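As structure tokens, the structure follows; a few thoughts come after it.
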Amino acid sequence: MTGVVGRLGLDRSFAAYVAVSAAALVADVLTLDRLLVIGADERLAAALGYSLGILVHWLLASRLVFALEAAGRGSEERRRQKGLFILSALVGLALTTGIVGAGTQLGFDPRLAKLFAIGVSFFAVWLIRRLYIFAR
């Protein structure tokens, strides 16, 4: 079991990943809220908020959580990591959308389904990033 915990980085980097994810979520939600307040289209506001959240997450995670595993700036490997990072974010988005949609169809409040989806997508994306994108 210790090997699995160490391989996943749960011993130290997981807490940093949680903090980075919280910062990205704050950027996402604040952007969404501010854009809605000024009358932006809901879909555009959601997309821009999510996009800013991905950017914040990359900037923080690649420097604070996965600093030792991140490839050097400007390298082909770094571009590959960025591309895979975005793809993993899209996996999280797909999971979130699917869970919220399914939850709503089953009669759950969308906000409750979103809370569940955040947990599921958070852990799934963490695993993708730890095991594949920033593998040790």
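A few points about this structure:
- Any hit, the range 68-83, residues being more than 18 Å from LEU131 (Cα to Cα) and touching a Lys or Arg at 6+ places or on another chain (Cβ under 8 Å): yes
- Looking across the range 108-136, just one residue is assigned to a loop (DSSP other than H, G, I, E, B) and either at pLDDT 90 or above or small (Gly, Ala, Ser) (or both), and that is ALA135.
- Boolean, GLY53 is under 27 Å from ALA15 (Cα atoms), modelled with pLDDT of 85 or more and not hydrophobic (A, V, I, L, M, F, W, C): yes
- A count restricted to the range 39-95 and to residues that are of a type in the set (A, V, I, L, M), touching a Phe, Trp or Tyr at 6+ places or on another chain (Cβ under 8 Å) and outside any helix (DSSP H, G or I) stands at 1.
- Identity of the residue in the range 98-132, surrounded by 13 or more Cβ atoms within 10 Å (Cβ to Cβ) and of a type outside the set (A, V, I, L, M, F, W, C), that ends up nearest to the chain's Cα centre (by Cα): SER121
- One residue stands out among those in the range 56-67 that are surrounded by 12 or more Cβ atoms within 10 Å (Cβ to Cβ) and either without any contact (Cβ under 8 Å) to a residue 12 or more places away in the chain or among the aromatic types (Phe, Trp, Tyr) (or both): the one that is farthest from TYR132 (Cα to Cα), which is LEU59.
- Test: GLU42 is without any contact (Cβ under 8 Å) to a residue 24 or more places away in the chain and under 25 Å from PHE14 (Cβ atoms): no
- Of all the listed residues (ALA47, ALA67), the sole one being at negative phi and modelled with pLDDT of 80 or more is ALA67.
The values are calculated or read from the model by the stated rules, or taken from the named source; none is laboratory data. In this text the structure is predicted, and so the values were computed from the model without any measurement. Backbone-built Cβ (ideal geometry, glycine too); neighbour counts: all protein chains shown.
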